[in-house]
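Peer 1: One structure coming up, written as structure tokens, with questions to follow.
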Amino acid sequence: MSTREYDLFLDSETDNKLRWNGDVDGVAFKLYLPKHVVPDPVPQRIRVAVDEGAPSASRGFPSRDATGLKAIVEFVSQQTQTVRYRPVGHSRDWIIGEPYIPCSLLPTANPQRVGLIVRWG
């Protein structure tokens, strides 16, 4: 399976999280990451890919290193142009926020689990 990567750009921050934002086929894609998982200096741009094959071959998920991070997320609900997902595991262990992934970025309609791959810069 091939994955498509999209650029997201640093958009805002809260006390504990950073948000990157980008356009995926006309739909806003916003990704929140806890500050403690993001390198210093904070990248202005990240590249994000969705991999439907990751959960079945979860080797290396979740993980983070100098090049980026990987997390598995589970289906929560279908929205109009996005699908809401939640990271697998206990919320204290999450290395990403709860993304609303644009439907056009998903490899098939509403997969129950997908892997998110984030590359710094």
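The values are calculated or read from the model by the stated rules, or taken from the named source; none is laboratory data. Everything numeric here is computed off the predicted structure, so don't read it as measured data. Heads up, the Cβs are rebuilt from the backbone with ideal geometry, glycines too, and the neighbour counts pull from every protein chain shown.
Peer 1: With the condition kept exactly as written, say whether any residue in the stretch 34-46 is of a type outside the set (A, V, I, L, M, F, W, C), within 13 Å of the chain's Cα centre (by Cα) and modelled with pLDDT under 95.
Peer 2: Scanning the stretch 34-46 turns up no residue that is of a type outside the set (A, V, I, L, M, F, W, C), within 13 Å of the chain's Cα centre (by Cα) and modelled with pLDDT under 95.
Peer 1: Of these, V27, V42, which one is in contact with a Pro (Cβ under 6 Å, 6 or more places away or on another chain) and either farther than 10 Å from G115 by Cβ or buried (at least 20 other Cβ atoms within 10 Å of the Cβ) (or both)?
Peer 2: When all the criteria are applied, what remains is V27.
Peer 1: Can you report the number of residues in the stretch 60-83 which are closer than 25 Å to G26 by Cα and among the hydrophobic types (A, V, I, L, M, F, W, C)?
Peer 2: Number of matching residues: 6.
Peer 1: Take the conditions closer than 17 Å to L105 by Cβ and of a type in the set (D, E, K, R) and apply them to K30. Does it pass?
Peer 2: So K30 passes the test.
Peer 1: Hey, can you tell me all the residues within the stretch 20-34 that are touching a strand residue (DSSP E or B) at 6+ places or on another chain (Cβ under 6 Å) and without any contact (Cβ under 8 Å) to a residue 60 or more places away in the chain?
Peer 2: W20, N21, G22
Peer 1: On to the next question. For D25, which of the numbered conditions (1) within 17 Å of I96 (Cβ to Cβ); (2) modelled with pLDDT under 95 fails to hold?
Peer 2: Of the numbered conditions (1) within 17 Å of I96 (Cβ to Cβ); (2) modelled with pLDDT under 95, the odd one out for D25 is (1).
Peer 1: Which residue is surrounded by the most Cβ atoms within 10 Å (Cβ to Cβ), if the candidates are limited to the stretch 85-121 and must be assigned to a helix (DSSP H, G or I) and among the charged types (D, E, K, R)?
Peer 2: It comes out as D93.
Peer 1: If you check G60 against the conditions, is it over 20 Å from F9 (Cβ atoms) and crowded, with 19+ Cβ neighbours inside 10 Å?
Peer 2: No: the conditions fail for G60.
Peer 1: Only one of (1) closer than 22 Å to L106 by Cα; (2) surrounded by fewer than 18 Cβ atoms within 10 Å (Cβ to Cβ) fails for G68. Which number is that?
Peer 2: Of (1) closer than 22 Å to L106 by Cα; (2) surrounded by fewer than 18 Cβ atoms within 10 Å (Cβ to Cβ), only one is false for G68: (2).
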